[in-house]
1. Restricting to the stretch 193-213, what's the tally of residues that are surrounded by fewer than 21 Cβ atoms within 10 Å (Cβ to Cβ) and either in contact with a Lys or Arg (Cβ under 8 Å, 6 or more places away or on another chain) or in a loop (DSSP other than H, G, I, E, B) (or both)?
2. Test K244 against the criterion of being surrounded by fewer than 20 Cβ atoms within 10 Å (Cβ to Cβ) and either farther than 30 Å from L330 by Cβ or not assigned by TED's automatic domain parsing to the domain that holds L280 (or both), and give yes or no.
3. If you take the residues of the stretch 170-192 that are aliphatic (A, V, I, L, M) and assigned to a loop (DSSP other than H, G, I, E, B), which of them is nearest to Q226 (Cα to Cα)?
4. Any idea how many residues of the stretch 83-141 are part of a loop (DSSP other than H, G, I, E, B), touching a Gly at 6+ places or on another chain (Cβ under 8 Å), in contact (Cβ under 8 Å) with a residue 60 or more places away in the chain and more than 26 Å from L264 (Cα to Cα)?
5. What is the one condition in (1) β-branched (V, I, T); (2) surrounded by 23 or more Cβ atoms within 10 Å (Cβ to Cβ); (3) closer than 20 Å to N178 by Cβ that I260 does not satisfy?
6. Only one of (1) touching a residue at least 40 places away in the same chain (Cβ under 8 Å); (2) among the aliphatic types (A, V, I, L, M); (3) over 14 Å from N196 (Cα atoms); (4) out of contact with any His (no Cβ under 9 Å at 6 or more places or on another chain) is not met by L238, so which one is it?
7. Which condition from (1) exposed (fewer than 15 other Cβ atoms within 10 Å of the Cβ); (2) touching a Phe, Trp or Tyr at 6+ places or on another chain (Cβ under 9 Å); (3) free of Cβ contacts under 8 Å to residues at least 60 places away in the same chain; (4) not acidic (D, E) is the one that P167 breaks?
8. Scan the stretch 124-159 for residues that are β-branched (V, I, T), crowded, with 16+ Cβ neighbours inside 10 Å and closer than 15 Å to G82 by Cβ and jot them down.
Amino acid sequence: MNEKIQSGLNIDLSNLCSKDAFAWAKKTFPNRQGKAGMAALSVDGAFSNLLLFDNQRIGIASDGIGTKIELAERTGIYDTLGFDLVAMVVDDLATAGFEPTNLSNILDVNRLDQSIINQLMKGLHDAANFCGISISGGEIAELGDRIGGYGDKMNFNWCATAIGVLPNNLEKPIDGSNIKEGNTIIALQSHGFRSNGFSLLRKIMKSYFGVSWHYHRYNGNQTWGQVLLTSSTIYSPLIQTLIKQSFIPKGIAHITGGGIVDNLQRVLKPTNLGAKLTNLLEPLPVMKQVMEMGNVKKEDAYLYWNMGNGMLLVIDDQQTEDVLRIADSLHHKAQVAGKITKDSTIILQS
């Protein structure tokens, strides 16, 4: 393919719309001022928010799976999406140090299919068990032709809200305000595209293979549909282990939509510092192949996808070996990716 394929998404417009939505939400905070449930947010654009209930410090985060759902509709594999849904919300909570406790989900469907719903909920159950959280609320809404998708089986959209508590050994949520020049940045490996950038992925696949692209072989064992459906790595248990052992990160970036730069900037906003990332984890082979197939430039790939780096931790230098050791013990590949710099620019060198 000679032409670069556009994702159809405008990241700048998305950021502006999110900013507008948050501005309206923030105007409701005075409704609870001095009352239970008061919102206390130290940084605009944080991945999750803090709610104060007397002595209880509660975190809340909401998200969905997005168009990765189409991969399940194409492959008929539904029991992995629960890991994607849980990862999106509990890892947002983890960026502020919250230990996730409960999750509520909304499943919007065009029509009911008990078998598919059972598979979805089994996956949600398995992911909840992995994180040690309870699924304490939910709704299945039949919306008819208001919901569309691929194929003639049940089409759906799936979103969730998770809450968590701030551990006792944290005085306040992790918000990046204590980050200093020279701090170390550790990258945690992602095993796939997680649940972001699938609008561009699907366009590349369709352009390269045609409408039935999900049947084409990626390798001898997997189709493209199966490899792109790889479930999201969940980092929250690792973050909680680090906090419990007093290796508390100064800042945590969850690499979702907007890629490494946008999400790391959110963490560095309180200090106006920058970063030089010279040793990020290598993009996965499937990511390199998709870039070649879609003629995707590096700067665009690192904007839409995590490129093998699902989460970044900012830590003190003296904690480096311990953090890497704990990550390895929990089966996470991790490595030092760079340093915090005085200049507010974030530089990626590959």
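The values are calculated or read from the model by the stated rules, or taken from the named source; none is laboratory data. Everything numeric here is computed off the predicted structure, so don't read it as measured data. All Cβ positions, glycine included, derive from the backbone under ideal geometry; neighbour counts span all protein chains shown.
1. Of the residues in that region, 4 qualify.
2. Judged against the criteria, K244 is not a match.
3. Of all residues in the stretch 170-192, those aliphatic (A, V, I, L, M) come to 170, 174, 179, 185-188.
Among the residues that remain, those that are also assigned to a loop (DSSP other than H, G, I, E, B) are: 170, 174, 179.
On the way: L170: 40, I174: 36, I179: 40 Å.
My answer is I174.
4. So the count comes out to 0.
5. That leaves (3) as the condition not met.
6. (4)
7. Going through the list (1) exposed (fewer than 15 other Cβ atoms within 10 Å of the Cβ); (2) touching a Phe, Trp or Tyr at 6+ places or on another chain (Cβ under 9 Å); (3) free of Cβ contacts under 8 Å to residues at least 60 places away in the same chain; (4) not acidic (D, E), P167 breaks only (3).
8. The answer is I133, I135.
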